[in-house]
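The values are calculated or read from the model by the stated rules, or taken from the named source; none is laboratory data. Quick caveat, the model's predicted, so the values are computed rather than measured. Positions of Cβ are generated from backbone atoms using ideal geometry, with glycine treated the same way; all protein chains shown enter the neighbour counts.
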Amino acid sequence: MPGPFDGIRVIDFGRYIAGPFCAALLGDLGAEVIRVEKRDGREDRTLVSLAQNEDGSPREGAMFLQMNRGKKSMTLDPMCEAGRDVVKRLVRSADVVVANLPAETLTAMGLDWDSVSAVNPRAVLAVVSAFGMEGPYATRVGFDGVAQAMSGAVWFAGTPEQPVRAAAPWVDFGTASLLALGVSAALRARETTGLGQMVEGALLRTALTYFSPTLIEEAVLKIDRQPTLNRSQTAGPSDIYKAKDGTWITVAVNGDPLFRRAARLIGAPEWLDDPRFASDKARGDNGEIISERVGKWVAERDAADAIAQFEAARVPAGPVLRPRETLADAHVKAGDFFSDVDFPGIGKAPVAATPVKLHGTPGEVRARPPLLGEHTDQVLRELGYSPAEIDALKAEGAV
């Protein structure tokens, strides 16, 4: 079935997560995505390697499989003269160009907005930087963890003695998702204007957006909250508790109806008339008391029993799973959360499927990730290069 972006060509100069996953989402929804890599492969191809070559060098990694399913791969040196001609032809053929590279690198490669729009006024240029293109940090480099830390989230998630960074790169994935939204809007606008535009994402902008409720509260009320690890400071009970069998579970309560059901379940009906617990704010302010009582109740039960009782009372709760337990979970296995890809030299591996479901025109993982340069000749032929010219590009080291 054709996807919403069927007929759209995306040229992906991205690396790591934010740019490549944006392109992967567009590909899931029908776009043709061409990943452009260095001749010896991008630095993100072997991160979290899943196998080794015969010489002991790492093969493709988990990050690469997730970010680059369904794409074609061509190799290119965009810094040589012949390579720059290939870049121009790629841009001329594109609907979308994705590039999460430093501004100076974009300019050197001919992928800045002035260069792209001069070659193809209808192209949408999607770029990602760490801190945005304006301000004193505009030229700084940064990764997901830096944006997490600077947003306030790392400080707030830990303890006063130890800030804690989230292991999941939520800033990168969030930026990729928002960038895909921006690209979608730019393509829709092009239907009216006939012109493309630049769509800009920034890791810090994403992190600030996702953490904005706490930042807004601080700006208005000047509370200077101190970190309390897993315990919520704005509602309760909301924390992680250890059960009798040694398993950890999480309970997440917001609002009066959920709180009343939780209080009755754990045998604390007196809380319902206690002014210390009269609102989410009050429960957050007195969350240590709530967590201690709920923790004792959980500790008297095995995790499965505690979760079952919370569920029976319609109070959100769930187990804290290890990664292997997540993969083995009955609901995860029964759902369509993952799609298996069979990659040469690695075998079958599950990649997360399209994370948003369109019930009329659903996204899908359309093909395995590409081998390095697997489609170079094919793409060059489509760009109009003759067999002799392709041979010349290879001899020059351009591809």
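Observations on the model:
Table: residues versus (1) assigned to a helix (DSSP H, G or I); (2) touching a Leu at 6+ places or on another chain (Cβ under 7 Å); (3) among the small types (Gly, Ala, Ser).
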{"residue": "Gly174", "(1), (2), (3)": "yes, no, yes"}
{"residue": "Leu179", "(1), (2), (3)": "yes, no, no"}
{"residue": "Val183", "(1), (2), (3)": "yes, yes, no"}
{"residue": "Ala186", "(1), (2), (3)": "yes, no, yes"}
{"residue": "Thr209", "(1), (2), (3)": "yes, no, no"}
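- Top-ranked residue in segment 81-95 [being assigned to a helix (DSSP H, G or I), of a type in the set (A, V, I, L, M) and in contact with a strand residue (DSSP E or B) (Cβ under 7 Å, 6 or more places away or on another chain); ranked as farthest from Met198 (Cα to Cα)]: Leu90
- Inspection of segment 240-250 identifies no residue that is among the charged types (D, E, K, R) and under 26 Å from Tyr137 (Cα atoms).
- In segment 173-189, the residues that are in contact (Cβ under 8 Å) with a residue 24 or more places away in the chain form Cβ pairs under 7 Å with partners that are aromatic (Phe, Trp, Tyr), at six or more places apart or across chains, as follows: Phe173/Phe21; Gly174/Tyr210; Ala176/Phe21.
- Search result, residues across segment 23-33 that are more than 11 Å from Val96 (Cα to Cα) and in contact with a strand residue (DSSP E or B) (Cβ under 8 Å, 6 or more places away or on another chain): Ala24, Gly27
- Residue, farthest from the chain's Cα centre (by Cα), within segment 60-96, restricted to residues that are basic (Lys, Arg) and closer than 18 Å to Tyr16 by Cβ: Lys71
- The requirement of being closer than 26 Å to Glu292 by Cβ, among the charged types (D, E, K, R) and either at pLDDT 95 or above or in the same structural domain as Gly27 (by TED's automatic domain parsing) (or both) is not satisfied by Glu191.
- Any hit, segment 133-154, residues being in contact with a Leu (Cβ under 6 Å, 6 or more places away or on another chain) and hydroxyl-bearing (Ser, Thr, Tyr): yes
- Flag if Val124 is at pLDDT below 95 and under 28 Å from Leu90 (Cα atoms): no
- When every residue of segment 218-231 is checked against the conditions, at least one turns out to be β-branched (Val, Ile, Thr), part of a loop (DSSP other than H, G, I, E, B), surrounded by 15 or more Cβ atoms within 10 Å (Cβ to Cβ) and modelled with pLDDT of 95 or more.
- Single match in Arg301, Arg368 (criterion: closer than 30 Å to Trp248 by Cβ, outside any helix (DSSP H, G or I) and either within 22 Å of the chain's Cα centre (by Cα) or touching a residue at least 12 places away in the same chain (Cβ under 8 Å) (or both)): Arg301
- Of all residues making up segment 96-138, the number that are more than 22 Å from Arg42 (Cα to Cα) and part of a loop (DSSP other than H, G, I, E, B): 12
- Pairing each residue of segment 128-143 that is closer than 12 Å to Ala103 by Cα with any residue that is assigned to a loop (DSSP other than H, G, I, E, B) and among the β-branched types (Val, Ile, Thr), provided the two are 6+ apart or on different chains, yields C-beta distances under 8 Å for Ala130/Val141.
- Within segment 333-345, restricting attention to residues that are touching a residue at least 24 places away in the same chain (Cβ under 8 Å) and in contact with a helix residue (DSSP H, G or I) (Cβ under 8 Å, 6 or more places away or on another chain), the residue that is nearest to Gly3 (Cα to Cα) is Val341.
- Residue that is nearest to Ala312 (Cα to Cα) [pool: residues in segment 232-288 that are surrounded by 13 or more Cβ atoms within 10 Å (Cβ to Cβ) and of a type in the set (Lys, Arg)]: Arg261
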